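Notes follow the structure.
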Amino acid sequence: MDASIMNGKDLSSGAVSAVRCIANPVKLARLVMEKTPHCLLTDRGAAEFAAAMGVPAVPGEQLVTERNRKHLEKEQHKKDAKKPHQEKNLGTVGAVAVDSKGDVACATSTGGTMNKMVGRVGDTPCIGSGGYADNDIGAISATGHGESILKVNLARLTLFHVQQGKTLEEAADISLGYMKSKVKGLGGVILVNKAGDWAVKWTSESMPWAAAQDGKLHSGIDLHKTSITDLP
Ligand code: ASP
């Protein structure tokens, strides 16, 4: 699994890649942010750090669902190289938040099917690609084809457009459109700013998402289908 976290107040960030048998890799990324002078720990170093921090190891099979196992098998048999680069988002979880003080933060983790290749690291633990947070602009988490996201620095690129005066929605459309036309990559982003505005956009087939604001829960999976309910 790979994971990253970033605090928009001071741009502090932490990330881990190639970790195994950890139930909450974002928590480990947070420990990297808070307890080390580093931004990213990987593989054996990340595992040793987790053990030193007292993070319990969980047997690997407990972290793999039947649904993901089946999905992986299906992906391994796919040979359609001409299709745009996309990924059914079964393994990546992203979150962005703004608190009452206007501090923003993001976190992203993945153990998805794209990590099936040993040694491959995607965008998720790379600050600026899988996520970014800066109180002056906003916070964003990205999902989708990691190699494409890395090539365009999707998270920071989207916030760049916000910095240039675009709305969150416009910025997300521009950067996802750029990624699609430039490298044929599909993906999705969620973002917030310190004013509490938020946006959810994707070019992939679908993206399960939810947003909580002012007692309401907004959620959806497919384009143009959003449901709004009262928060319990
Ligand atoms: N972006 C992730 C990766 O490439 C995968 C995903 O978001 O589904 O590792």
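The values are calculated or read from the model by the stated rules, or taken from the named source; none is laboratory data. Treat the numbers as computed from the prediction; the structure is a model and nothing was measured. We place every Cβ from the backbone using ideal geometry, glycine too, and count neighbours over all the protein chains shown. Heavy atoms of the whole protein, side chains included, go into the accessibility calculation; ligands, DNA and RNA do not. Shrake-Rupley method; radii C 1.70, N 1.55, O 1.52, S 1.80 Å.
The table below lists the values:
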quantity: Filter result (assigned to a loop (DSSP other than H, G, I, E, B), surrounded by 10 or more Cβ atoms within 10 Å (Cβ to Cβ) and modelled with pLDDT of 85 or more) within the stretch 70-110; calculated: Asp99, Gly102, Asp103
quantity: Flag for Lys180 being charged (D, E, K, R), over 20 Å from Val98 (Cα atoms) and away from the ligand (no atom under 12 Å from the Cβ); calculated: yes
quantity: Residue count, the stretch 115-157 (criterion: away from the ligand (no atom under 12 Å from the Cβ), in a strand (DSSP E or B) and on the phi > 0 side of the Ramachandran plot); calculated: 1
quantity: Near pairs, Cβ below 6 angstrom, 6+ apart or cross-chain, from the stretch 81-101 (of a type in the set (Val, Ile, Thr)) to any residue that is at pLDDT below 65; calculated: Thr92/Gly112
quantity: Given (1) touching a residue at least 40 places away in the same chain (Cβ under 8 Å); (2) more than 22 Å from Val96 (Cβ to Cβ); (3) in a helix (DSSP H, G or I); (4) not basic (Lys, Arg), number of the condition Glu48 does not satisfy; calculated: (1)
quantity: Sole exception among (1) open to solvent by less than 50 Å² (accessible area, probe 1.4 Å); (2) closer than 23 Å to His145 by Cα for Gly196, by number; calculated: (2)
quantity: Candidate set from the stretch 111-128 (those that are polar (S, T, N, Q) and touching a helix residue (DSSP H, G or I) at 6+ places or on another chain (Cβ under 8 Å)); member that is modelled with the lowest pLDDT; calculated: Thr113
quantity: Matching residues in the stretch 21-42 - criterion: being modelled with pLDDT of 95 or more and either open to solvent by 90 Å² or more (accessible area, probe 1.4 Å) or closer than 20 Å to Val118 by Cα (or both); calculated: Pro25, Lys27, Arg30, Glu34, Lys35, Pro37, His38, Leu40, Leu41, Thr42
quantity: Residue within the stretch 4-13 that is within 17 Å of the chain's Cα centre (by Cα), among the hydroxyl-bearing types (Ser, Thr, Tyr) and within 16 Å of the ligand (Cβ to nearest atom) present; calculated: yes
